[in-house]
1. Looking at the structure I just gave you, is Val102 open to solvent by less than 20 Å² (accessible area, probe 1.4 Å), closer than 24 Å to Gly336 by Cβ and touching a helix residue (DSSP H, G or I) at 6+ places or on another chain (Cβ under 9 Å)?
2. Within the stretch 181-197, can one find any residue that is assigned to a loop (DSSP other than H, G, I, E, B), over 25 Å from Asn275 (Cβ atoms) and either out of contact with any Phe, Trp or Tyr (no Cβ under 7 Å at 6 or more places or on another chain) or not polar (S, T, N, Q) (or both)?
3. Sort through Gln314, Gln280 and tell me the only one that's assigned to a helix (DSSP H, G or I), of a type in the set (S, T, N, Q) and either within 15 Å of the ligand (Cβ to nearest atom) or in contact (Cβ under 8 Å) with a residue 12 or more places away in the chain (or both).
4. Given (1) within 16 Å of the chain's Cα centre (by Cα); (2) open to solvent by less than 50 Å² (accessible area, probe 1.4 Å), identify the lone condition not met by Val70.
5. Which one of Gly309, Gly330, Gly341 is more than 15 Å from the ligand (Cβ to nearest atom) and either at pLDDT below 95 or not acidic (Asp, Glu) (or both)?
6. What residue, among those in the stretch 221-242 that are part of a helix (DSSP H, G or I) and open to solvent by 30 Å² or more (accessible area, probe 1.4 Å), is nearest to Glu262 (Cα to Cα)?
7. Looking only at the stretch 259-278, which residues are closer than 15 Å to Asp158 by Cα and open to solvent by 30 Å² or more (accessible area, probe 1.4 Å)?
8. Helices (runs of 4 or more DSSP H) wholly in the stretch 19-97 with at least 2 residues that are more than 10 Å from the ligand (Cβ to nearest atom) - which ones?
Amino acid sequence: MTVICDIGDLQQLARRRVPRMFYDYADSGAWSESTYRANADDLAAIKLRQRVAVDISDRSTRSEMLGQQVAMPVALAPVGLTGMQYPDGEILAARAAEKFGVPFTLSTMSICSIEDVAANTTKPFWFQLYVMRDRDFVGRLIDRAREAGCSALVLTLDLQVLAQRHKDLRNGLSAPPRWNPSTLWQLASRPGWCLRMLGTRRRSFGNVVGHVRGVDDMASLGAWTAEQFDPTLNWNDIDWIRERWGGKLILKGILDPEDAREAVRVGADALIVSNHGGRQLDGAPSSIAALPAIVDAVGDQLEVHVDGGIRSGQDVMRALCLGAGGTYIGRAFIYGLGALGEAGVSRALEIIRNELDMTMGLCGASRVADLGRHNLLEPPA
Ligand SMILES: Cc1cc2nc3c(=O)[nH]c(=O)nc-3n(C[C@H](O)[C@H](O)[C@H](O)COP(=O)(O)O)c2cc1C
């Protein structure tokens, strides 16, 4: 039995259990993957300031994100195809998140549908929206999320065109799946995954299939998604989305202070400093490098969250110290899911909370609200 100490152990287990095309889909970035690597490397380079002889007996990682109580300020990021890492993956991850007390964000490109996740959970989750050319479909998605009781809409702005990820091309990842000796072997070499997958009927894009005229199977779905991401999306579109939604709105994919000021202007409740986990603009700065300037520009006007490269509680601590009001994990929970299903997501959350709790203590801090740049060493000049 593998001893699981950190997110890296869950990652190794997921690599052994999930077919290569889906494992690599998660563990990859755009083109040269320089931004993907920078997300984690830049976090690791931030030095924490150790303090001693402070009474840290009464510590708590509890906090708030968007007015919602959270066990720690770490939400699950929207991840497309989560249900391919492990059957019914979105439902399992949402359940783990609600038991733990952190928000779960369902992707537009999920396998389990909004209604399905709502029917199999007891607390409201957040819904992430991609704006498609088919605006009727987008409007109905917003309505469906509201009717399912979602408590925040996360509007992703950094995927108007889809960047190239080499591993997906090499592995033949596609909808509909392309069957050849390589793709068949990728599945056949993971018999446990195949057996579990046979036990679910959820194997397609649940929010799309059956909700768009003419899209009822994998072949029509492939053609539809390929041409649907809308390159015309601009700041003027946010108004109607905000009005149609009528609830808390989070704008995801902000990396520049000027765009952050736009987010304030259009009335967002929060923004997420994000480069899509290094999966879009290769060569963009890491999210943690972009965070301080955005906090300085708009941090007193809306909540500033961040994601990208967070693999430990120490990373969460670094982001909070640099002014983030909340963080998100993508791959860290996906590796847990691929490794052990719902129990693996719970384990990932426990690992990160324990690390955050210890790290706060060793920095002499007892409350999330007290964290700040004073908990970090000044970067060398
Ligand atoms: C496999 C995968 C699929 C993703 N799918 C989506 C998506 O459907 N919508 C979205 O807004 N972001 C998506 N993202 C980006 C994540 O929401 C998040 O920004 C990113 O994973 C954070 O970086 P991290 O994985 O290093 O924590 C995806 C990320 C991964 C790894």
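The values are calculated or read from the model by the stated rules, or taken from the named source; none is laboratory data. Keep in mind it's a predicted model, so treat the numbers as computed, not measured. Note: ideal-geometry Cβ built from the backbone for every residue, glycine included; neighbour counts use all protein chains shown. Ligands, DNA and RNA are stripped out before the accessible areas are found, and what is left, the full protein with its side chains, is counted by its heavy atoms. Shrake-Rupley method; radii C 1.70, N 1.55, O 1.52, S 1.80 Å.
1. Values: open to solvent by less than 20 Å² (accessible area, probe 1.4 Å): yes; closer than 24 Å to Gly336 by Cβ: yes; touching a helix residue (DSSP H, G or I) at 6+ places or on another chain (Cβ under 9 Å): yes.
When the stated conditions are applied, Val102 passes them.
2. Checked the stretch 181-197: at least one residue is assigned to a loop (DSSP other than H, G, I, E, B), over 25 Å from Asn275 (Cβ atoms) and either out of contact with any Phe, Trp or Tyr (no Cβ under 7 Å at 6 or more places or on another chain) or not polar (S, T, N, Q) (or both).
3. From the options Gln314, Gln280, the qualifying one is Gln314.
4. (1)
5. After applying the criteria, what remains is Gly341.
6. We begin by selecting, within the stretch 221-242, every residue part of a helix (DSSP H, G or I); these are 221-226, 235-242.
If we keep only those that are open to solvent by 30 Å² or more (accessible area, probe 1.4 Å) as well, we get 223, 226, 235-236, 239-240, 242.
Working: Ala223: 33, Ala226: 29, Trp235: 8, Asn236: 10, Asp239: 12, Trp240: 16, Arg242: 14 Å.
Looking at the filtered set, the residue picked out is Trp235.
7. So in the stretch 259-278, the residues closer than 15 Å to Asp158 by Cα come out as 259-260, 262-263, 271-278.
Answer for the stretch 259-278, where residues must be closer than 15 Å to Asp158 by Cα and open to solvent by 30 Å² or more (accessible area, probe 1.4 Å): Asp259, Glu262.
8. Those helices (runs of 4 or more DSSP H) span 20-26, 34-44.
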